[in-house]
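Presented below is the structure to which this report refers.
Where a number appears in this text, it was derived from the coordinates with a stated rule and is not lab data. Quick caveat: nothing in here was measured; it's all calculated off a predicted structure.
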């Protein structure tokens, strides 16, 4: 259930009410001494972010997590390149060949 902000027109008091979306709007100030008419204020709503490739918790990882993941991928790629005998530019490493003895 959402919180709604109201402001009293008479006393100027701003207050928040936790109520169902189906409940009727308040019309009177909850302050017994005032009892003036109130207006519901427009709120910013919930902090939901809809962007990117999906709506999963992993879509909004911290920058430090992303940097660590990138470093891990780079080190795994370097290990793979060493095991296949390729240079970083993708060409094969040239081994020092021994001259044949006559």
Just subtract the alpha-carbon distance of residue 7 and residue 71 from 0.36 nm times their residue separation and send over the number in nm, one decimal.
17.8 nm
A chain fully extended from residue 80 to residue 17 at 0.36 nm per residue, minus the present Cα-Cα distance, gains in nm 16.7 nm
